Structures are given as structure tokens and as C-alpha cells.
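Below is one structure; the comments refer to it alone.
The values are calculated or read from the model by the stated rules, or taken from the named source; none is laboratory data. This one's a predicted model, so the numbers in the text were calculated from it and none came from an experiment. Neighbour counts are summed over all protein chains in view; Cβ atoms, including those assigned to glycine, are modelled from backbone coordinates with ideal geometry. Areas reflect the complete protein model, heavy atoms only, side chains present, ligands, DNA and RNA absent. Shrake-Rupley method; radii C 1.70, N 1.55, O 1.52, S 1.80 Å.
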Amino acid sequence: MESPLASMIFRRLLSHQTCSRLRFHPPVSGRPPSNVRGRRYYRSSKEDDGDDDSRQTSDWQMRTDLFPPDKLRDYARYPMVTSDMLRSRRERPKRVKMLARDFIEDSLYNPHYGYFPKQVVIFSPGQPFDFNSMANEPEFHKQLGQRYTAFEDELDAEMPNESRQLWHTPTELFRPYYGEAIARYLVTNYKLTHYPLDDLIIYELGAGNGTLMLNILDYIRDFDPDVYARTKFKVIEISSSLASLQSMQLTRNASSRGHTERVEIIKKSIFSWNTYVPAACYFLALEVFDNFAHDSIRYDPFTEEPVQGTVLVDNSGDFYEFYTKQIDPVASRFLQVRDAACSRPFDHPLRGSRFIRNFKSRLPFAPNLTVPEYIPTRLMQFFDVLRYYFPKHELLTSDFHALPDAVKGINAPVVQTRYQRRVVPVTTPYVQQGYFDILFPTDFATIEDIYRAITGKLTKVMSHSEFLSRWAYVQDTATKSRENPMLSWYKNSSVMIST
């Protein structure tokens, strides 16, 4: 851990230009609104929604031309790099420029300083919650807060860390019931379409602590031994630390050790996958799309011509946002595929009256470009991998379709970190690499059409609670008041399945 460096960074945040204004949220009593639960960090407080200025104010003011004049010479001189080129670097780069998606990818996944390989700790509540003994949902929230505090106190006793990036997943909060619901879906569909001719092959992208893997395998072994004998579970994990944790989980006790022969942990990025898999398989991607890198696109309000965002890192390690008319092939292909594939309207900076847009653009101090649109180019490339290397896959994915406190823009991310056990949201994705979670909402209507166009698969999108109501034993997570946290939490999440 870079604790001294981290402390210096977070102290500097309050005055650093690239972060605009920061808003701390001290704990207060009361029940948090359900729509905040899409955030992966635990919150014991209700957001102060009165301070809207911090969401609207940004230090990234548009200039009268495409490039800030004071850095134009550096932009022309600095080399263009990609996240792949930076993977072997142990220090954050300076005097370079890169596409927005490469900056985000490097910030989140660089093996030496990236957020996921070096910072993330996934909360584990210990013993499963006894929902049936709880009076109501606020009691679950109270117990969760107590367990969160105890979990982090134990970590601090071993190694204090003011900037620990601790977050949770529905798999951990509702263990084992959440994983069992996934298992029922898999086994039922496998028996309907593939059993007994094919094995049950399951790929999980980004397995976290390995809890979902164990819950699924436990369920299949206990309730359908014949299917368990045909089951193979393969984890694709980019983080070496999480891959090691998953391996440890398999050998932690006698029950989990029984799964060892059925599990393979593959330490690589899905985007470097080059092995053809001809067999039928199920692909799990739960809360994965939100951390796929996006490109930043703005538009000229008069010509409607797109420009693509790049990031310059100067000699001091500060970041400057540039836009160029040269759209790279990946972003260009996404825009073309979206226009061709999407049958439903989607949010866009150019939607609305052209006359009103042109009028506003002529006002004094008006920006010369629209707000940014963040397009999921990495997600499109993931669909390409599925099409070319897993032609007989069936996809099950769940992610956030909306997120609170996003930065300004269309399909814009939430950018946040934790410091002294408080969530610190910022107003730009261009912040110190590795210390901030950058997570995007997923426009399921748009990506469903794009997925269909690329893979040729049939799909269905439903709410998170609708999926669980069908496949989970919801009585296991019901409180005495008949409230059901597993159904009411994550209301800003959706599920997409394919066949």
C-alpha cells in the first residue's frame, strides 16, 4: 500500500483543480434511499441533495477552440500511448497522451498501480445474515453497518489504511441465496437445452472473493449430483491478487476443497483471450460492465461533427482534456454499429431542437462543444470476444442501469474513492490513477441491440428483482415485516440473459 503517498494525494484533493469540488458525507441517522444502494460502497448516511452546485460546477470549462492553447505544444510533442503499452510500467506515466478509454483502463487495471489489482478489498460479512429473524429492513441495514465496522476494524488492527477501497456486492450481502438463484437458472436451462449431451461449462468474468463460484458449486453438488459430475467452472480474472484469493477460497475448508478438480482460474484479461471454445457454455458477467473503459465523445453543436477525447499527462502528472476530430477506428465502429443496430431511441447530446441548441451555443461564454457522451467501446469489444471465441455461449449479466452522483455528461460515470471510511465523489474521471473507482451505468436497451447485432443471439432484459423473484427462494431473505432486502436493494440494476 502506498499509504504516505495516498494520504498526500487525498489531502491535496481539496484544492487540486482536476477534482473540482469534493463533497464529504458525514454519517447521520436515518434510512438511506434505496436508489443509493447501487453504489458499491456501504453508506450509513443519506446524501445531502441540497448542494447541487458541486454537481454542476466543473473545472473543465470548454475553450473557444478544440485545444487549450497553453498545452497545445505539449500535446503535439508528447507520444500517444495505450493502456497495453503501459501495463509493464511500475510508475504512473508523465509527458504522454492517450485516449480517454486508455486512461480509464490504465487507472483501473494497470498491474502495478491500478485500482483493482492494488486497492480493492471486497467486504465479506462472515456468517450469512439471518433475515427471517430480523424485524424489518432497517434492522438489516443496522446489522450490515455493524459488520462493516467490525470487518474494517479487524483490517486496521493488522495494517491501518486511511484510503482502503472497501466495497460490497450482492453476492456477499445475500450469501448463499443470491448464488443459489444463479445456480438454479443455470441448471434449469442446462437441463432443458444441453443435458446430457454436453457438459455444464461455466465461465465467470471477474470472480471477486470467489463467493459466487463456491455458492453455485455447493448448490449443484448438494441438489443435483448428476449435473455436478458434468460441471466445469472457469474463472477469468485480470487481478493477480484476487486470483490468489479465489484459489485460497477453494482450499479453505473440506467442503470447498471438494470443488478443486472442477475449477480452473485463468489469470488474464478477457480482452487478450485467444483460445477458441467450440463447446456450449454459460458466461457470467455480474457487475463487470460498469468498470469497462469508455470513450469520451463530444459534438460540435453547429455541424454535429463528433470529436474524441484524449488525456494529456504533463511533466507534473497533471491531466488536461483534449478533443480531436480524428475518431479512432474502435470508437468510429461503435458509433456506426449503434446507429445501425438500435431500434429504440437512446440518450444523446444532440437530441432535442437544433434551433434551441444553436441559439444557446451563440450566447456569451457558451461552450463550443456539447457535454461529453461516454460510449462503451470496451463492452463492444467484449461482445466481439464472445462472438469469435465463444460462439455457443449463453450470457447472464447484471449491472447498474442508473447511478447517483455521476459526473456531467451522457452515460457519465460515478468517480469516487474512500478516505477515512467516507465516500469521496469527484467531478471528473481524470484523477490520480489507481485511487478512484470509475463506474459507468449501462444503457441496457442500447447494449441489448448492439449485443444482438454482434452475436446474433436472442436476449431478454429484466429488473434485478424480477430475476430474483423467479429464481431465488425469496422466503429465505424475507424479514418478519415481509420486507425483502434482496429484492428491494439494487433497484437501479438490471439483468440481461441470452440464449
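Taking the stated definitions as given, is Phe346 in contact with a Ser or Thr (Cβ under 8 Å, 6 or more places away or on another chain) and at pLDDT below 95? When the stated conditions are applied, Phe346 passes them. Within the stretch 236-255, being surrounded by 14 or more Cβ atoms within 10 Å (Cβ to Cβ), touching an Asp or Glu at 6+ places or on another chain (Cβ under 8 Å) and among the small types (Gly, Ala, Ser) holds for one residue alone: Ala243. Evaluation of Ile297 against the conditions (1) open to solvent by less than 30 Å² (accessible area, probe 1.4 Å); (2) over 20 Å from Thr428 (Cα atoms); (3) touching a strand residue (DSSP E or B) at 6+ places or on another chain (Cβ under 9 Å) shows that the sole unmet condition is (2).
For the stretch 330-360, residues that are crowded, with 16+ Cβ neighbours inside 10 Å, within 25 Å of the chain's Cα centre (by Cα) and among the basic types (Lys, Arg) total 1.
Taking residues in the stretch 242-256 that are at pLDDT 80 or above, and partners anywhere that are in a helix (DSSP H, G or I) and open to solvent by 50 Å² or more (accessible area, probe 1.4 Å), the pairs with Cβ atoms closer than 9 Å and at least 6 places apart or on different chains are Leu250/Arg257; Leu250/Thr260; Thr251/Arg257; Thr251/Thr260.
Among the strands (runs of 3 or more DSSP E) lying completely within the stretch 227-312, list those that include at least 2 residues that are under 30 Å from Phe355 (Cα atoms). Write out each step before concluding.
Values: elements: 231-237, 263-267, 281-286, 295-299.
Fully inside the stretch 227-312 and qualifying: 295-299.
For Ile327, the conditions (1) hydrophobic (A, V, I, L, M, F, W, C); (2) exposed (fewer than 14 other Cβ atoms within 10 Å of the Cβ); (3) part of a loop (DSSP other than H, G, I, E, B) all hold with the exception of (2).
The strands (runs of 3 or more DSSP E) found entirely in the stretch 393-498 that carry 3 or more residues being open to solvent by 10 Å² or more (accessible area, probe 1.4 Å) and over 30 Å from Asp156 (Cα atoms) are 459-463. Exactly one of these conditions fails for Tyr451: (1) touching a Phe, Trp or Tyr at 6+ places or on another chain (Cβ under 7 Å); (2) farther than 30 Å from Asp198 by Cβ; (3) hydroxyl-bearing (Ser, Thr, Tyr). Give me its number. Only one criterion is unmet by Tyr451, namely (2). Number of residues in the stretch 181-217 that are open to solvent by less than 40 Å² (accessible area, probe 1.4 Å) and either under 24 Å from Thr477 (Cβ atoms) or in a loop (DSSP other than H, G, I, E, B) (or both): the value is 23. In the stretch 227-235 there is at least one residue matching the filter, namely being in contact (Cβ under 8 Å) with a residue 40 or more places away in the chain and either open to solvent by less than 50 Å² (accessible area, probe 1.4 Å) or farther than 20 Å from Thr397 by Cα (or both).
Once the stretch 68-106 is narrowed to residues that are exposed (fewer than 13 other Cβ atoms within 10 Å of the Cβ) and assigned to a loop (DSSP other than H, G, I, E, B), the residue that is farthest from the chain's Cα centre (by Cα) is Pro79.
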